[in-house]
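This report concerns only the one structure given below.
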Amino acid sequence: MTRVALRTLVALSLLFATPCARAQVRTDTTPRTTGDSALEARTSAVAAQLRCPVCQGLSIQDSPSELAQSMRSLVRDQLAQGKSPEQVKAYFVSKYGEWILLSPAPHGFNLLAYAIPVLMVLGGGAFIAVAVRRWTSSPTPDATSTEDPT
Amino acid sequence: MQSVNGLVGHGALLLALPFIALGIIAVPVAVNRGRRDWLEIGYGAVYANFALMSAAALAMISALVTHDFSVSYVAQVGSRETPLFYTIISLWGALEGSILFWAWVLSFYGMTVVALNKSRAGNLVPYAAMTLLCISLFFSILLVGPANPFHVVSPVPQNGPGPNPLLQNHILMAVHPPLLYLGYVGMSVPFAFAVGAVLSGEAENNDWIKVSRTWTMASWGFLSAAIIAGMWWSYEVLGWGGYWAWDPVENASFLPWLTATAFLHSAMVQERRGMLRVWNLNLVVGTFVLTILGTFLTRSGIISSVHAFTTGTIGYYFLAFITIVLVTGGVIVAGSSDKLRSKGKLDSAASRETVFLLNNLFLTAFMLTVLVGTLFPLVAEAMRGVKVSVGGPFFNRMSLPIIAALLFLMGVGPALPWKVASKAELRSKLIPPTAGALVLAAAALIAGIHDPYGILVFAFVGYAATANFREFSIGAAVRRRAHGESWPTAFLRLVEGNRRRYGGYIAHFGVFFVALGIAMSSTLRTEREATLQRGMTMQIAGRTLRLQDIWGREEPQRQVVGATLEIMNGNRVTGTLEPRMNFYRTQQEPVPTPDVRSGVLGDLYLNLMAFRPDGSNATIRAIYQPLVPWIWFGGGVVVFGAIVAGWPTARRRRVPAVVPVPAPPKPPAREPEYAA
């Protein structure tokens, strides 16, 4: 077991060539929750929007990985120092790039991702409205349609 | 030196190619020259393909079981220490094996289609068989080319690394992939019938839509089960206490499910009113394209994901195949759309038809949202050169309004009659379910849900569930009055009398359970983490957990470290949980193995996060999530509904065609069993 623990430590220290370098090794103690529930709620809200760099698409809020845990405590510390959620996110973007945000920042080219589904619903809805009006305005209902038990 | 397994397997794959090619040529010859004997050759090729793919797959299983490391795939995923069960299911544990399995399932579908439908008159079935052979050809080329699992390894290794630890850590890995393939590959069949309908000039006939609908129902049932099983696997294995992460591969399985769901509904409009023919063709083609696209995304390594296998040249093959399918699909849709222009008329905007149109709108928009989100990182990187992520927050925000709309429509649709609803009908059908909406919204508030979408989901589920239930209760009441039946008999007879309709409503109920489970577990999740020494306790959701022991154990293929925790109610121990970490010798990172205690109202989920190597303490993450088991149960109900609706009838009810078309003469005695 020690071999594995060592390997994990080595892997961890490599990962911590990032702002989390001073995070504690988690086997010692990891208070996931502090007494301040309002701070916890704000931490969760921000952490849910940041990507865990070593996972497959999980947020640092959801991920059980050690890196995610230390990033979350970093979020909590920064919020406790009085930074706004936007500032905390900006900090992580400056360290990791835009990739760290789980929803693309809604500006510029990224707006396309938000716009396409909305346009689809609006356009499709308009199309259906027009089509239904046209199909119902016809004076002669389809004579060949039949009664059916369905 | 090639082993017997390798020889048989590789030989079968090589032999399949000429058979498939012969079959593809035989069908047009048979049709154009009126040569019945050539049709037999075409169908014979379909059977031969199944026989040869079975031989190849069985040779692979035999190679896996006998640890024949001269076979490249076995050398890649086999190991002498892996338990037999996981050795067998590693058939689909890596790229080449999964392609082989795919080809096998496809050949099985081909055989079933021919066996069940060949007595149909006309050229629909021959061309459908030919289309399936064309798809088989693609996978066979992969299998003798870039995804050949039967390469000879020399010198023969003594042992192999074993399957990916994540895939040998849970029994659901035996369930999820086969179901997924049955669902995914099954979507080839409606596509084949669509192509067949256009090629044979029978697209105006509703025959193909009925066959396609039955096959879609079957595949859809498998796919629904597969998606739920995948969620369950993720929940039980990945250790974060969630079941859906909008991972690209989860999305890939969900995309064709959405379009297939849309088709199951809109096909009814075509059958009854002769409308939406071009649209239905689009949905069938689109569903198939999405299955291939999903496979491409996950098998090419283009998108990183839990499921991504290896990289290699196989991506180009898929890209070429997708292009061919898209062009073919475009040609058949465009070429036949003039002939298929809608002939139907709507009697009123207040009708079930309109609700189906909206249902299709939102399902398609849902599909597009997921597709855009999944592909956007690729597009953004190509266009801007910047890596962006599209994850849970994006998908949740974008899809929740659509989900809410769909849930509401699930209540309105069944309540409205076809053609036209009078004002009185609208009032009597649409107003009473509001009571259900109020009750469930109140329940959500009492349970402590503050999230507006959570409350909305509860309200709409309450509305829709009441509306669907009233379809059963009103129908059964009518039967009781008419025939003097007891309630249970009346219910059963009601369902029996129109399985398609009531099976659909049953599937709706499954969706309601899933929706409630997701809404509740995602909004009211509580979570604690503590580092405990033996005898110490922690609290979660009104329960006390006491760490009783930390232990280690050697198994042939792995080392296991676990913690034993007692769940205490006061001083009474009500159960124990054993979250573990499994260390496979081929992987640095341990595989978390959470332990879950399920109750009707919720799950207690424990994960071992860390431990002192000397065993003096362990860090435990405890998660309590209400109603998670409702998701699995709801998935079962959905599948049950699909079975009720889609199970082939022995006798065929004669339903007059909506639009009279010169139906090809049917052989009088033989009844196609697979007709809806």
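Every read-out reported here was derived from the displayed coordinates using simple, explicitly stated rules and does not represent laboratory data. Predicted, not measured: the structure shown is a model, and the values here were computed from it. Here the Cβ positions follow ideal geometry from the backbone for every residue, glycine too, while neighbour counts run over all protein chains shown.
List of remarks:
- Oblate is the label for the stretch B:175-340, because a/c, from the alpha-carbon gyration tensor with a ≥ b ≥ c as root eigenvalues, is 1.5 or above and a/b does not exceed b/c.
- Here the label points at B:LEU492 and B:ARG384, each 7 Å from Cα along the C-beta direction, are separated by 6.1 nm in the simple model.
- Per-residue extension of 0.36 nm, minus the Cα-Cα distance of B:ILE324 and B:ILE88, leaves a gain of 81.5 nm for this segment.
- Positive-end residue of B:GLY504, B:LEU608, B:PRO83, charge dipole of the protein assembly as shown with Cβ unit charges: B:GLY504
- Placed amide H near B:GLY162: partners under 5 Å, 5+ positions off or other chain: B:GLY78, B:SER79
- Zone residues, the stretch B:348-389, relative to A:VAL118, backbone N less than 15 Å from point 7 Å out along Cα-to-Cβ: B:369
- Here the Karplus curve 6.51 cos²θ - 1.76 cosθ + 1.60, taken at θ = phi - 60°, turns the phi angles of the stretch B:147-163 into couplings of 10, 5, x, 10, 4, 8, 9, 9, x, 6, x, 7, 7, x, x, x, x Hz, with x standing for Gly and Pro.
- Simple label model, 7 Å out from Cα along Cβ direction - B:GLN587 to B:HIS151, nm: 2.3
- Along each principal axis, Cα extent of chain B, largest first, Å: 82, 75, 58
- Value at 222 nm in deg cm²/dmol, rounded to 500, when DSSP H runs of n ≥ 4 in the protein assembly as shown each add -39,500 (n - 2.57): -20500 deg cm²/dmol
- The lysine pair tally for chain B, using Cα distances under 19 Å and a gap of 8 or more places or different chains, is 8.
- Separation of the B:MET568 and A:ALA38 label points, Cα + 7 Å toward Cβ, nm: 3.5
- Pairwise inverse Cα distances across the protein assembly as shown, averaged and inverted, put the Kirkwood hydrodynamic radius at 28.9 Å.
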